[in-house]
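Colleague: My questions all concern the structure below.
Quick note: the coordinates plus some simple rules give every number you see, no bench work behind them. Given the structure is predicted, the values throughout are model-derived calculations rather than measurements. We place every Cβ from the backbone using ideal geometry, glycine too, and count neighbours over all the protein chains shown.
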Amino acid sequence: MNSKIKTLSLAAALAASLGLAGCAAGSGSSGGNTMPMDHGSSAPMSSMMPDASADHNQADIAFSQMMIPHHAQAVEMSDIILAKQDVPAEVTALATRIKEAQAPEIETMTGWLESWNVPTMMSDHSGHGMSGMVDAEGIEKFKAAEGTDAVRLFLEHMIKHHEGAVDMAQQEIGAGKNAASIQLARDIIAAQEAEITEMKELLGKL
């Protein structure tokens, strides 16, 4: 995907996310990770767009608005597998690392959006515009699974989820303006590409 297409993709996602912004996507049932609902912005869309002198652009806004619920689902899936019995230590360690890395990133991105005076969450819980999100049926099947089946579903879902996050981060690097946001995107790519390799190795051992 070239940079022009990436920019158009992010702009389209931004339009959708701003139009849908409102409440948080679901997060884990344990650990208190559900993000707060945000209904505080009633300003017209044009007033939420950064001007040319701002330190951020529409791509930065879209990146955080989409990555927050994306990360929240990764934390949710980590909570689910950590609550199950007979999970290999390597997998529980991985899930713990994912949760400990992504929960603080949610807080960081939320802080950026609040400082930019734009909605911090999207109201659409279906994962609209976010690559790699697991649908509600997939999450329910994962919750019901036990043993090796649960581990396999966790790894398969999280690999696709990470791949989606990497794609979103690459788009931010290509189209974003805010230095901190672009650096976070680079950090996400480095961490999650390494975890994808690790998860594929774990999957091969099942």
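Colleague: Which of the following residues is in contact with a His (Cβ under 7 Å, 6 or more places away or on another chain), acidic (Asp, Glu), part of a helix (DSSP H, G or I) and in contact (Cβ under 8 Å) with a residue 40 or more places away in the chain: Glu172, Glu195, Glu156?
Modeller: Glu195
Colleague: Check off (1) in contact (Cβ under 8 Å) with a residue 12 or more places away in the chain; (2) under 13 Å from Ile68 (Cα atoms) for Gly111 and give me the number that stays unchecked.
Modeller: (1)
Colleague: OK, next. So is Val75 under 20 Å from Leu202 (Cα atoms), crowded, with 18+ Cβ neighbours inside 10 Å and free of Cβ contacts under 8 Å to residues at least 60 places away in the same chain or not?
Modeller: Yes, satisfied.
Colleague: Shifting gears a bit: So which of Ile106, Ile98, Ile80 ends up being in contact with a Gly (Cβ under 8 Å, 6 or more places away or on another chain) and among the hydrophobic types (A, V, I, L, M, F, W, C)?
Modeller: Result: Ile80 is the single residue among Ile106, Ile98, Ile80 that is in contact with a Gly (Cβ under 8 Å, 6 or more places away or on another chain) and among the hydrophobic types (A, V, I, L, M, F, W, C).
Colleague: Sticking with this structure for a sec: Just to be sure, is Ile81 buried (at least 18 other Cβ atoms within 10 Å of the Cβ), more than 25 Å from Ile173 (Cβ to Cβ) and either in contact with a Phe, Trp or Tyr (Cβ under 9 Å, 6 or more places away or on another chain) or of a type in the set (Asp, Glu) (or both)?
Modeller: Yes, satisfied.
Colleague: Given the conditions (1) at negative phi; (2) in contact with a Lys or Arg (Cβ under 6 Å, 6 or more places away or on another chain), report the number of the one that Ala136 does not fulfil.
Modeller: (2) is the only condition that Ala136 fails.
Colleague: Of these, Glu140, Glu163, which one is surrounded by fewer than 23 Cβ atoms within 10 Å (Cβ to Cβ) and more than 30 Å from Pro50 (Cβ to Cβ)?
Modeller: Being surrounded by fewer than 23 Cβ atoms within 10 Å (Cβ to Cβ) and more than 30 Å from Pro50 (Cβ to Cβ) holds for just one of Glu140, Glu163, which is Glu140.
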